[in-house]
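The values are calculated or read from the model by the stated rules, or taken from the named source; none is laboratory data. Just so it is clear, the structure is predicted and the values come from calculations on it, not from any experiment. Positions of Cβ are generated from backbone atoms using ideal geometry, with glycine treated the same way; all protein chains shown enter the neighbour counts. Only protein heavy atoms, including side chains, enter the accessible area calculation; ligands, DNA and RNA are left aside. Shrake-Rupley method; radii C 1.70, N 1.55, O 1.52, S 1.80 Å.
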Amino acid sequence: MSSIARLAVVAVLVGFVAVAAADDAATVKIKKWKADPVELLDRPDGTVVTRKPAAELPLEAVRSGQGWLKVAVGGKDYYVEASQARTDLKLSGKPKCDTLTGATGHAASRGLGEQGCEP
């Protein structure tokens, strides 16, 4: 492969990463904190810096990678596991239709043909 072709491949890959990162940086509304107190970390998968009561945390965060939210508390940014909050995040795409396989090997499907699901 020529160096120009390699450079083109690298440019395309960098473009994909930039688009994926832009999708992750969405602002989300927090409906409710599940834990009290909430552990605040210095970075995703980092160390716990402090714990704050849920009442002291903002109800808005920025999505920061898969499974992490970035919150601003007291002028500093901290990271929180997304599982500690109920948010307005929705999964993209159509939901899968439920499919059950019977003992005879024939598939019985629930929801197949319903609007809004894909097999």
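Please list, ordered by first then second residue, the pairs with beta carbon atoms under 6 Å, 6 or more apart or interchain, first in the stretch 26-54 and closer than 16 Å to V73 by Cα, second among the polar types (S, T, N, Q) and open to solvent by less than 70 Å² (accessible area, probe 1.4 Å).
As it stands, the answer is V28/T87; I30/T87; V38/Q84; L40/T50, since those pairs meet every condition given.
Give D36, D23 a once-over and let me know the one that is open to solvent by 90 Å² or more (accessible area, probe 1.4 Å) and either touching a helix residue (DSSP H, G or I) at 6+ places or on another chain (Cβ under 7 Å) or modelled with pLDDT of 90 or more (or both).
Answer to the selection: D36.
Condition check ((1) modelled with pLDDT under 55; (2) in a strand (DSSP E or B); (3) open to solvent by 70 Å² or more (accessible area, probe 1.4 Å)) across all residues:
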| residue | (1), (2), (3) |
| --- | --- |
| R6 | no, no, yes |
| G15 | yes, no, no |
| K32 | no, yes, yes |
| V49 | no, yes, yes |
| L69 | no, yes, no |
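Please go through the stretch 51-67 and pick out each residue that is among the acidic types (D, E) and either farther than 14 Å from A25 by Cα or open to solvent by less than 80 Å² (accessible area, probe 1.4 Å) (or both).
Residue satisfying the conditions is E56 alone.
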